[in-house]
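Asks: For reference, the structure I am asking about is given below.
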Amino acid sequence: MKGWSILALALWVILMGYSALVIAEHGLGLLPIFFGDMAELGWPGQFNLDFMLMLFVSASWTMWRNRFSMAGVCLGVAAFFLGASFLLPYLAYLIAKHRGNMSDVLIGPDFKQDRNP
């Protein structure tokens with residue numbers, strides 16, 4: 001899992017560099033473009049809707065994993081609005097924190113599965 005953490009952080013660095021270039025060239029006016037493409041009902045809008053639904057899934061998982069605590073809700077909002085720029089370092093942090101135990105990373109260390117037959 002250490003390799004995945006390194007890959008996640010490398011991808012994060014690439015994303016941050018690319019984002020910095022886009023912001024420098026076009027500013028922070030993402031939302032009108034993002035929703036404008038969706039309103040046109042074309043392929044760019046379809047991609048944006050698909051991406052927004054993936055952001056929703058990421059945010060929902062983040063909140064659920066943190067048991068919908070206040071911190072978990074705040075992390076979920078960050079996951080929704082920041083996307084991979086949040087999720088990549090968050091997963092790398094969780095992998096390091098839980099020493100590669102993916103059960104703890106994905107569902108949380110306090111999860112108790114009901115094993116009723």
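Bear in mind that the values in this text are calculations on the coordinates, not laboratory data. Just so it is clear, the structure is predicted and the values come from calculations on it, not from any experiment. Note: ideal-geometry Cβ built from the backbone for every residue, glycine included; neighbour counts use all protein chains shown.
Asks: Give, as a single signed number, the net charge of other residues whose beta carbon lies under 13 Å from the beta carbon of Gly76, with Lys and Arg counted +1 and Asp and Glu -1.
Replies: Local charge sum for Gly76: +2.
Asks: Could I ask something else about it? Sequence-distant or interchain residues sharing an amide H contact under 5 Å with Gly108, placed H: which?
Replies: Under 5 Å from the amide H of Gly108: no residue qualifies.
Asks: Quick one: give the max-minus-min coordinate of the C-alpha atoms of the chain along each principal axis, largest first, in Å.
Replies: If we take the Cα atoms of the chain, the spans are 50, 32, 26 Å.
Asks: Tell me the label-point distance for the pair Asp110, Ile33, using the 7 Å Cα-to-Cβ offset, in nm and rounded to one decimal.
Replies: 4.1
Asks: Leu49: net charge of surrounding residues, Cβ under 15 Å, Lys/Arg +1, Asp/Glu -1, itself excluded?
Replies: My count for the surroundings of Leu49 gives -3.
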